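Take a look at the structure below.
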Amino acid sequence: MLGGKNLRVLVVDDTIVYRKAVSDIIEEIPGVELAGVAHNGSIAIAKIKTLKPDVLTLDIEMPQMNGIEVLAELRKNYPEVGAIMLSTLTDEGSYMTMKALDLGAFDFVLKPQSKNQLEGKKAIREALEPILKAFKESKNRPGVGKSPTTLNSSRSARPIGTPPASTSSIKPLRPLGTAAPLKTSPRGKSEIVTIGISTGGPNALNQMMPKLPGNLGVPILIVQHMPPVFTKSLAASLDKKCALTVKEAENGENILPNVAYIAPGGKQMKLVAGTDGQHRRIKLTDDPPENSCKPSVDYLFRSVADYYVGRTTAVIMTGMGSDGTKGLEVLKNKSAYIIGQDEASCVVYGMPKAPAELGYLDTVVPLDKIADEIVKSVKR
């Protein structure tokens, strides 16, 4: 627990330009302090005992001991120390980043493509600062950082109207001047599942998606906030672990049952009517970001609401910000069944928080119960 203390960061990178840039950024962020630097993984591990960092910014590709090997060592001997990866926008970089997230890395930051050092430093700061703040908040929340088994074993699904004892005095809030959502049609068995997720998402999806049966009987559409290339690696990684087929979505393809489609990074994804008027197909666009996100959860959720009135299961999971809240309002008005991940099992309790306070969620469950709730909603 950090309490009011600064977050201590050890910068690990074999490239002096990035090492200095990240170090300078760390020293400029309120509530964060530079614990030290290391130019390879071996030196970083040796420094952990004396410097006592809370988190490492960690390059993946380093001599002697690379970032993946450092993560394995942290997991084994320093589980209280977190890691944020610095990655390149390449197939190899995305593959190794997925591996790092599997090993427990908190999140990742892309190394900037710009050759201009000032622009590059600005890009790193814009990406890194909110992640560091989210990491600090997560360290201060009881329960976060425990293994999924320990964290979730004693809890079960909880209707939104029955909060846990510790928050029993807190009622869902709705901003002044906004009307409560109204159900416009009866709810039936869900014929589609749509999921919005961000920070902590790859790990959460790795735990949740393999629990879904291969004969689920409906398509799944997913927005995971990620850059181009990385979403393809995420889909390939999940496909190997799941009974369902998992793929990066392609423009113009008809959606099929028992297939999970992940929105490509850098594109917006929505549903449109097929040419035959019966099927629904995926449309990828270059429409502008929403909530600074491309792909955006709101963008996808709105389109699903148009075609599956009273027949949608929507899931909002761990992530920074509030992308998805406005889309959930639209879905709620069209009688979707909405599942929210609970605070204790979220890496960052951002995206599920606002819809929970606004009363949009039908049920709140820990990560290890989400798959069960999805199955119930499509099989009933």
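In table form, for the structure just shown:
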| quantity | calculated |
| --- | --- |
| Whole-angstrom gap from the stretch 52-107 to the stretch 251-315, using each part's C-alpha centre | 32 Å |
| log10 of Debye I(q)/I(0), alpha-carbon scatterers only, for the stretch 7-139 at 0.13, 0.20 Å⁻¹ | -0.46, -1.19 |
| Segments 289-295, 13-19 sorted - mean Cβ within 10 Å per residue, highest first | 289-295, 13-19 |
| 20 °C / 1.002 mPa s Stokes-Einstein diffusion coefficient of the chain, Kirkwood radius on C-alpha pairs, µm²/s | 100 µm²/s |
| The chain: calculated mean residue ellipticity at 222 nm from DSSP helix runs of at least 4, using -39500 (n - 2.57) | -10500 deg cm²/dmol |
| Using a Förster distance of 22 Å, the FRET efficiency for Glu61-Lys241 (Cβ separation, nearest 0.05) | 0.30 |
| Most mobile listed residue (Tyr95, Tyr78, Tyr349) in the chain, GNM with C-alpha springs under 10 Å | Tyr78 |
| GNM top mover of Ala105, Ala21, Ala46 - the chain, alpha-carbon springs below 10 Å | Ala46 |
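The numbers here are math on the coordinates, done by the rules we state, and not lab data. Keep in mind it's a predicted model, so treat the numbers as computed, not measured. All Cβ positions, even for glycine, are placed from backbone atoms using ideal geometry, and neighbour counts span all protein chains on display.
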